[in-house]
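Derivation of every value follows stated rules applied to the coordinates shown; laboratory data play no part. Quick caveat, the model's predicted, so the values are computed rather than measured. Cβ atoms come from the backbone with ideal geometry, glycine included; neighbour counts cover every protein chain shown.
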Amino acid sequence: MKKLLMRRKARDNIYYHPDFHSALNIAIDYLEKNHGKSAVKEYLQQFASSYYNPLTESIKKQGLSALKKYLKDLYKKENGDIDIVYSKDAMTVLIKRCPAILHIKKKGGQPAKSFSETTKTVYETILKGTEYEFKMLNYDKKTGRALLTFRKKNDFMH
Amino acid sequence: MISCTDFILAYSEFFKFLHERYGKKAVIDFWNYLSDKYLTDLRKLVKKYGIKGCWMYWSKTLNEEAANFTMELIEEKNQFKITMHHCPSKSRLLKTKHIEPYHDYCKHCDVLYRRILEPLGFEYTIDLSKSNKARCKIVIRQK
């Protein structure tokens, strides 16, 4: 009798399942179509304020260096291509290639209309309550290429 | 961009958001929608290869998810079984102490896969009685 058996332990593989980008894209698209763009933003605010709270706290204590480290690790893990220009009070991040959008398209999907909110709303929320503000410039919906700026708010400048 | 390695947390929070705002039915409606849109590879493989399609599908996903599992295919019995010793998704949720997982998180595995497999002539059973320890068991048989 033909029998196939596969036994794997967690340490046998690296945790990296890029198709989760497609699943999140479907979720964002579903939320927007059924409950509107405001629901997408509210969901992402709720998620980011709870899940990324430790990152927000690190930014409060260490400044933008904590965010720089987070972004470098994130895009390295995802095989993304970014350039970072960093100073203590300001950081710009050029995302040349968005791994999520590349994967969604590779699988034959189209990024949801509000997909950019997974960057815009998420980083706005992460920085809430810190000395810094965030802006996303030149976002290209087709590739996810974007320029992100993080800078100290004027109120906090001395 | 939310990293695909953070997806499970985003997913669980998504279920919570839908449930809190629009009720349990909204969560089930979403799972049905996700099954139709997202599990297209599983449907194609099972349509083409029968029970072996299950083996092919989960060989890829469970390895990419670095799961701790045993998978078994007995083609002559048309039976496929996954014993999940430690689910990578649930264990991530349990490990992330600052986030409370969606109370019925594991149920999505019942709804999503059943919706694909039953119309293709398979019986799908899932034992979630130990899901609080990130363990479960799935058995798929051709009817």
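Each residue of segment A:85-101 is assigned a 3J(HN,Hα), and the resulting list reads 10, 10, 9, 4, 9, 8, 9, 10, 10, 9, 8, 7, 8, 8, x, 5, 5 Hz, derived from the Karplus form 6.51 cos²θ - 1.76 cosθ + 1.60 (θ = phi - 60°), x at Gly and Pro. Averaged over the residues of peptide B:18-26, the number of Cβ atoms from other protein chains lying within 10 Å of each residue's Cβ is 2. Note on segment B:1-95: Kirkwood hydrodynamic radius from all Cα pairs is 15.3 Å, rounded to one decimal.
Each label was represented as a point 7 Å from its Cα along the Cα-to-Cβ direction; for A:Q45 and B:M56 these points are 4.6 nm apart.
Given segment A:41-158, what whole percent of its Cα pairs are spread farther than 16 Å? When every Cα pair of segment A:41-158 is considered, 62 percent fall beyond 16 Å. Phi-derived couplings, Karplus 6.51 cos²θ - 1.76 cosθ + 1.60 at θ = phi - 60°, listed residue by residue for segment B:18-33: 4, 5, 5, 7, 10, x, 4, 4, 5, 5, 4, 4, 5, 4, 4, 4 Hz, with x used for Gly and Pro. The reciprocal of the average 1/r between distinct C-alpha atoms defines the Kirkwood hydrodynamic radius, which for segment A:18-61 equals 11.7 Å. Averaged over peptide A:30-37, the number of partner chain Cβ atoms lying within 10 Å of each residue's Cβ comes to 3.
What do you get when you divide the Cα radius of gyration of the protein assembly as shown by 2.2 N^0.38 Å, with N the number of residues? My calculation over the Cα atoms of the protein assembly as shown gives 1.07.
Kirkwood radius and radius of gyration were both taken over the C-alpha atoms of segment B:104-143, and their ratio Rg/Rh is 1.01. Within segment B:10-60, the proportion of C-alpha pairs whose separation exceeds 14 Å stands at 60%. Three principal axis extents of segment B:39-143 based on alpha-carbon atoms, in descending order, are 44, 24, 22 Å. For the segment B:61-70, counting C-beta atoms of other chains within 10 Å of every residue's C-beta and taking the mean gives 6.
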